[in-house]
Amino acid sequence: MILGEKLREEGVERPKPYRQLVVSGIVSGALYLLLYLYSAEIMTSFTRTDGWYPALPVIAAFAFSFAHGAFTAYFWDVLGVTGKHKK
């Protein structure tokens with residue numbers, strides 16, 4: 001039995017992660033804003049073929065995916081939307 005199920009059975013509700021939602025939203029929004037503001041510089045760096053520059057788009061994709069995924073997870077958690085647990 002996982003902790004969330006045990007707490008629900010005992011009638012204890014976890015506090016909603018409002019702070020994490022706001023912080024992850026700010027981080028995600030800041031990443032998109034920086035991408036927009038520095039698009040020319042980013043394209044110049046991401047299209048270079050020497051050294052470690054070809055890895056930059058992959059690293060950026062992971063960073064955006066992590067930030068946006070965290071925001072989305074906290075968003076649904078705050079709304080109370082959860083997956084169905086099989087027993």
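Every number here is computed from the coordinates shown, using simple stated rules; none is lab data. None of the values given here were measured: they were computed from a predicted structure. Quick reminder, even Gly has a Cβ in these numbers, built from the backbone with ideal geometry, and neighbours come from all protein chains shown.
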Among Phe66, Phe46, Phe75, which is the only one that is of a type in the set (Phe, Trp, Tyr), surrounded by 12 or more Cβ atoms within 10 Å (Cβ to Cβ) and over 30 Å from Glu13 (Cβ atoms)? Phe46
Quick check on my filter: what residues within segment 43-72 are without any contact (Cβ under 8 Å) to a residue 12 or more places away in the chain and of a type in the set (A, V, I, L, M)? Met43, Ala55, Leu56, Val58, Ile59, Ala61
